[in-house]
Amino acid sequence: MLACLAAATPAWAHSGGASGGLVAGLAHPLFGPDHVAAMVAVGLWGAFLGAPAIFILPVVFPLVMAAGGVLGILGVPLPGVEIGIAISAAILGMMVVLAAKPPLWLAAIMVGAFAVFHGHAHGVELPPGADAAAYSAGFVISTGLLHLAGIAFGLLARWPAGRFAVRAAGGAIAIAGLMFLGQLA
Amino acid sequence: MMRPLVVIIGMIGVVAMPGPASAHSGFAGATGFTGGLLHPLFVPTHILAVAALGLLIGQQAPRWGRAVPIVYVIAMVAGLGAIALAAVATLAENTLLGLAAIIGLLVALARPLPRSIGWLLGGAVGLVLGLDSPPDAIPLTQAYVTMLGTALGAAVILLALVQVTSRLRRVWQRIGMRIFGSWIAASAILMLALRLVR
């Protein structure tokens, strides 16, 4: 898969933009620390909540994020996007620190609500000339892999020391979220 | 048991790997039968729709039986036949993305579906994929050979996927299919929005 990703070239048939494409899509979520923090937190929290949340949250997030992305692409304004993203990192990190276990529907609504902000930001920040197909696939895959990274780390919570490490990681994400929020104020 | 997962991950890699789309701009170095054969694999919208359909058929196995891939192949041949009769489907690629989004969503939901839904979706994907695969070749014989390659390639890709996905029975494998389905749906929705805006 990595070989395939590395071999990516622009899909000229669809727009011809060398500035966009798969690499831009893959890199986009990775270059926003606020995005990375929140995505990892989704995975950590899912792992903490256990089945079925461990897979429902990573399924809900990209679908709702796509809806938010469509709003951004269409130019529909969404107030407080950056604040929403920073708050998502702070709250999701806090959920992990507290080992909060709300009902699944509530966790899914929370994650889905935050996904709208992340998707909108991705949609608005789409670089001009980016290839639609490659860029979209790239940032969805990148987001999904960040979730999986969070889940993989979150699975350490099966052991007492791992549980401490996961909650500490949640704490770091929550603090980072508050710092992002402070920078916006 | 790892092999099916490796194949699926490889397919995702291919989906993610953009390349020139032959029907739309020219498929460098690949013409005729080979060009047609590889065409469905290197057009992101095509592989996205076929991957989604393959996941759904495998997920619904054995309830859906073998009829859906057959309906898909027949419909695709009908679509290619329509092209041979000079039919032009201007919205085929957008329709294919819409179908990929719907099918990806169904995979993510992982609910038992009636066989008629499978026939409908398989037929729709096959027909639109055929309609969206006009050969670049000008000589008529070469165009037919290219279309034959396209039909064979699109059929083999789906059948291979179905063979793999229908064997995924472990819980984590079924979960992986649902997650891939959500990725396909999300990608298709975004691609469709970008295509409609630009």
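Among A:VAL111, A:PHE164, A:VAL60, which residue has its Cα positioned farthest towards the positive end of the charge dipole of chain A, with +1 placed on the Cβ of Lys and Arg, -1 on the Cβ of Asp and Glu, and the dipole taken about the Cα centre?
Farthest towards the positive end: A:PHE164.
Could you tell me the center-to-center distance, by alpha carbons, between segment B:26-98 and segment B:139-198 in angstrom?
About 8 Å separates the Cα centre of segment B:26-98 from the one of segment B:139-198.
Given 0.36 nm per residue, what is the gain on full extension from A:ALA99 to A:ALA165 after removing their alpha carbon distance, in nm?
Values: separation 66, 0.36 × 66 = 23.76 nm, distance 1.21 nm.
Here the segment from A:ALA99 to A:ALA165 would lengthen by 22.6 nm.
Taking all protein chains as present, what is the carbon and sulfur share of the accessible area of segment B:37-152, in % to the nearest whole number, probe 1.4 Å? Display every interim value, and only then the final one.
Details: 3660 of 4800 Å².
So the carbon and sulfur contribution to the accessible surface is 76 percent.
Round to the nearest 0.05 the FRET efficiency obtained for B:THR90 and B:TYR144 when R0 = 35 Å and r is the Cβ-Cβ distance.
Values: r = 23 Å, r/R0 = 0.65.
Rounded to the nearest 0.05, the efficiency is 0.95.
First check a/c for segment B:135-198, with a ≥ b ≥ c the square roots of the eigenvalues of its C-alpha gyration tensor; if it is under 1.5, answer rounded, and if not, answer prolate when a/b is larger than b/c or oblate otherwise. Show your work: numbers first, answer last.
Working: a/c = 7.96, a/b = 1.43, b/c = 5.56.
Oblate shape, in that a/c is at least 1.5 and b/c is the bigger or equal ratio.
List the accessible area buried at the contact between A and B, summed over both sides and calculated with a 1.4 Å probe, in Å² to the nearest 100.
On the way: alone 8890 and 9750 Å², together 15650 Å².
That pair hides around 3000 Å² of surface in total.
Work out, step by step, the length gained on full extension between B:ARG198 and B:ARG174: first 0.36 nm times the residue separation, then minus their alpha carbon distance; give nm to one decimal.
Values: separation 24, 0.36 × 24 = 8.64 nm, distance 3.62 nm.
5.0 nm is the gain from fully extending B:ARG198 to B:ARG174.
For segment B:110-198, what is the accessible area per residue in Å², given a 1.4 Å probe and the full set of protein chains? Before the final figure, lay out the partial values.
On the way: 4050 Å² over 89 residues.
Result: 46 Å² per residue.
In Å², what does the accessible area per residue of chain A work out to with a 1.4 Å probe? Please list the in-between numbers first.
Numbers: 7410 Å² over 185 residues.
Heavy-atom SASA per residue in chain A reads 40 Å².
The values are calculated or read from the model by the stated rules, or taken from the named source; none is laboratory data. Given the structure is predicted, the values throughout are model-derived calculations rather than measurements. Virtual Cβ from ideal backbone geometry, glycine too; neighbours counted across all protein chains shown. Note: accessible area is taken over every heavy atom of the protein model, side chains too, but ligands, DNA and RNA are not part of it. Shrake-Rupley method; radii C 1.70, N 1.55, O 1.52, S 1.80 Å.
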